[in-house]
Each structure stands twice: as C-alpha cells, then as structure tokens.
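Accompanying notes for the structure given below.
All of the numbers you see were taken from the coordinates with simple rules; none came from a lab. Just so it is clear, the model here is predicted, and its values are computed rather than measured. Because the Cβ atoms are built from the backbone with ideal geometry, glycine has one as well, and the counts that use them run over all protein chains shown.
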Amino acid sequence: MNWDEIDDVLLDMDGTLLDRHFDNFFFEEELPRRYAALHSLTFEESRDRLMAMYRSVEGELAWTDLHYWSQRVGIDVVAMTKDLDHMIGFLSGAEEFLRHLRELGKRVIIVTNAHESGVAIKVAKTGLDRHVDRIVNAFEVGYLKMRPEYWPRCQQLLGFDPARSFYMDDDEGCLVAAQQFGVAHLIHSAKSSSQLPPVPLSQFISVTGFASLINGRPVL
C-alpha cells in the first residue's frame, strides 16, 4: 500500500470494522427464536421463513431497514438490538487501524448499508464516530452499496476522487460495484466474524486483519 496515493479512506462498518458475529447471531439465531415463539413454529421453520423474507428484499433498502423488519415480523427489532448491544464490538486491530489512518492525515468515512437506527446503537456502544470524519448510511444515498447507482450518488455526496480513494468491505458485491465505478484501491475483509474462519476472495486482495495494511503490505 502506498498511502501517498490515497486521500480518502472509505470503510464498511459491519464485518470490516465491527464484528459481524453480532449481526449473524441476531438475524440467524435470536430473531428466529423470538419469531418462532410468537408464531408457534419450530426454530427451523422460523429460520427458513425469515431467510426467505430476507432474500425477498436483498439488495433493496428494506433489507437493512430495522423499522421495516419490526413491522414485517411483528417484533421491535430496534429494541432487540439495544437488548443485545453487549455483543457489539470492534474486530481485532480495527481501532489501531483507525488511529493509524488519523496519523496519516487521511479523511476517513464509514459507508454502511446499515439503517440509521442500528448505526446509532453501534456508535453509542463502540464510540466509532470518534475515529472517523463521517458516517454515511445507505438511506442517505438512496441505494445499497452493491447497486451501481450507489457509487455516483455517494461521490456527489462526499466529493471523493475514485482514483485516489481506498475502499474496504467484506461483501464481494459491494466491492465489485465500487470497482466498476472506478475506485482504485480495493481491499476485501476476509475475516468478518470473530467466530468464523476467513473467507478470502480470488478477485480482490483479501486480508484477515489490519496489521498488513498498517505495515503497507496487504497479503493474500
């Protein structure tokens, strides 16, 4: 990494800076359990039904809209998030990486698909906002990051030069969309959850932590 070639650092939140274990547990285990109890279903029936619901709006803003899910499943998902906020935390090395970027004098912006209600809870728990210049949720832009429409609108909002920007995400679709828009420096976060093994990609440089980025030498 030649940080002299980079002005703006765009970072995903969940699975890149924050441990995706929280989100995986929330949507794949705890919400199915509560939905099963509400509708007298087995856990397996409940999870299958919820997974089908998730897939039905994947790629749309509703996919991450906590108020939408509260209405659709009949459970206060925002309150659930607050109840489980003890599980929210940084991935190992993330805070050190953010401090390093500050020392380099980069503009650091969180670009997240998460809904503002979830962002607010996670910021309150982690203090993430103190490490960055701005946090932009997808609802400000009008699209999720894997949509090609997202990136020109995001550029208009933030005023970054794609040729001098760095973007890191754990989602392949989001990286592909950024690449097609012309973002020059792309890194895949292969270790999105502390509880799961790394899942590297062949299309992008994948890292399993932040040490190599701080040292300037990403590793496959």
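One line per residue, one yes/no per condition, for (1) under 25 Å from the mean Cα position of the chain (by Cα); (2) surrounded by fewer than 15 Cβ atoms within 10 Å (Cβ to Cβ); (3) over 21 Å from ASP14 (Cα atoms):
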residue: PHE26; (1), (2), (3): yes, no, no
residue: LEU31; (1), (2), (3): yes, no, no
residue: SER40; (1), (2), (3): no, yes, yes
residue: GLU44; (1), (2), (3): no, yes, yes
residue: ASP48; (1), (2), (3): yes, yes, yes
residue: ALA52; (1), (2), (3): yes, yes, yes
residue: VAL57; (1), (2), (3): yes, no, no
residue: LEU61; (1), (2), (3): yes, no, no
Legend entry - All positions within segment 103-152 that are surrounded by 15 or more Cβ atoms within 10 Å (Cβ to Cβ) and basic (Lys, Arg): LYS106, ARG107, LYS122, LYS125, LYS145, ARG147
Inset, instruction - With respect to VAL136, determine if the residue is out of contact with any strand residue (DSSP E or B) (no Cβ under 7 Å at 6 or more places or on another chain), aliphatic (A, V, I, L, M) and without any contact (Cβ under 8 Å) to a residue 40 or more places away in the chain. - result: no
Inset, instruction - Could you grab me the full set of residues in segment 165-209 that are touching a strand residue (DSSP E or B) at 6+ places or on another chain (Cβ under 9 Å), among the hydrophobic types (A, V, I, L, M, F, W, C) and either in a strand (DSSP E or B) or under 15 Å from GLY15 (Cα atoms) (or both)? - result: PHE166, MET168, CYS174, LEU175, LEU186, ILE187, ALA190, VAL199, LEU201, ILE205, VAL207
Inset, instruction - Would you check which residues across segment 60-110 are farther than 26 Å from GLU29 by Cα and of a type in the set (Val, Ile, Thr) and list them? - result: VAL108, ILE109, ILE110
